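Taking it in order: structure first as structure tokens, then the write-up.
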Amino acid sequence: MILKIFLLCLLAVGQSVAGEVVLPEISARLVKTPITQGDFQQQKHLKVLKKPLISTGAFTYHQSKGVIWKTLTPVASILLVNETKLLTGQGEQAVPAAFGKVFKAMLGGDLAELTNGFTITGTDQKTAWQLELTPKDEMLKKIILTMVLSGDTELRSLEIREAGGNLTHITFDRIIHPEQLTSEQEADFERLSP
């Protein structure tokens, strides 16, 4: 599901930039290193189900190599993405260059990139911040009402409110910034190489 949302966000990338007062202050507080990794829990609330669908996993963001998004439960799967390719268990797809910008903005702490496709309002308090993103693109508005990002020195949660009434909530924890990738992570990124 996270893949679908990121792909939809591509429709919004590349539009006119809106000036936002709160973004520079929040961006200044965010940790920015070449590698960010951690765990995630995703809850998907569907209107047709009483209980949310819950998945857990781990992610690795590398500034120049891309993102590894591994779902561990309930079904193991992997999504590998860089600026030109997307690789899943179903195969490889070409990716528009802007796709990598969405990941970089959310996982790499480059929030200013989000102003290209979203109107942003937010609050910045001493220990926490929150941004509400409303799509500028009319087609994207039919799918996503808002996205709410919140955190401290890291992105800690992402909530996606869909126009159809569904809601996805992703929390990020155990975030670290290692100096280098593990051999397993290097091998995963190698799969994205030409």
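For region 11-19, does any single residue satisfy the condition of being assigned to a loop (DSSP other than H, G, I, E, B), at pLDDT 85 or above and either open to solvent by 50 Å² or more (accessible area, probe 1.4 Å) or closer than 26 Å to residue 78 by Cβ (or both)? No, region 11-19 has no match at all.
Number of residues in region 124-145 that are touching a Pro at 6+ places or on another chain (Cβ under 8 Å) and open to solvent by less than 50 Å² (accessible area, probe 1.4 Å): the value is 1. The number of residues in region 146-171 being part of a strand (DSSP E or B) and open to solvent by less than 30 Å² (accessible area, probe 1.4 Å) comes to 13. If the condition is being farther than 25 Å from residue 163 by Cα and in contact (Cβ under 8 Å) with a residue 24 or more places away in the chain, then region 38-68 contributes 38, 39, 59, 60, 61, 62, 63, 64, 65, 66, 67, 68.
Restricting attention to region 172-194, report how many residues are over 16 Å from residue 108 (Cβ atoms), part of a strand (DSSP E or B) and either among the basic types (Lys, Arg) or touching a Leu at 6+ places or on another chain (Cβ under 7 Å) (or both). Total meeting the criteria: 1.
For region 34-77, list the strands (runs of 3 or more DSSP E) that sit wholly inside it and hold at least 3 residues that are more than 20 Å from residue 186 (Cα to Cα); which are they?
35-45, 53-62
Considering region 90-123 alone, what residues qualify as being modelled with pLDDT under 85, open to solvent by 50 Å² or more (accessible area, probe 1.4 Å) and assigned to a strand (DSSP E or B)?
Passing the criteria: 92, 93, 94.
The set of residues in region 44-69 that are among the charged types (D, E, K, R) and open to solvent by less than 30 Å² (accessible area, probe 1.4 Å) contains only 44. Of all residues in region 124-137, those that are within 14 Å of residue 22 (Cα to Cα) and in a loop (DSSP other than H, G, I, E, B) have Cβ atoms under 7 Å from Cβ atoms of residues that are open to solvent by less than 50 Å² (accessible area, probe 1.4 Å) and of a type in the set (S, T, N, Q), 6 or more apart or on another chain, in 128/150. Out of the residues in region 148-161 that are touching a residue at least 40 places away in the same chain (Cβ under 8 Å) and aliphatic (A, V, I, L, M), which is nearest to residue 44 (Cα to Cα)? Here the answer is 160.
Count of region 70-85 residues, restricted to those that are within 17 Å of residue 52 (Cα to Cα), open to solvent by 70 Å² or more (accessible area, probe 1.4 Å) and of a type in the set (Val, Ile, Thr), is 1.
The values are calculated or read from the model by the stated rules, or taken from the named source; none is laboratory data. Predicted model, so just to flag it, every value in this text is computed and none were measured. We place every Cβ from the backbone using ideal geometry, glycine too, and count neighbours over all the protein chains shown. Side chains included, ligands, DNA and RNA excluded: accessible areas come from the protein's heavy atoms. Shrake-Rupley method; radii C 1.70, N 1.55, O 1.52, S 1.80 Å.
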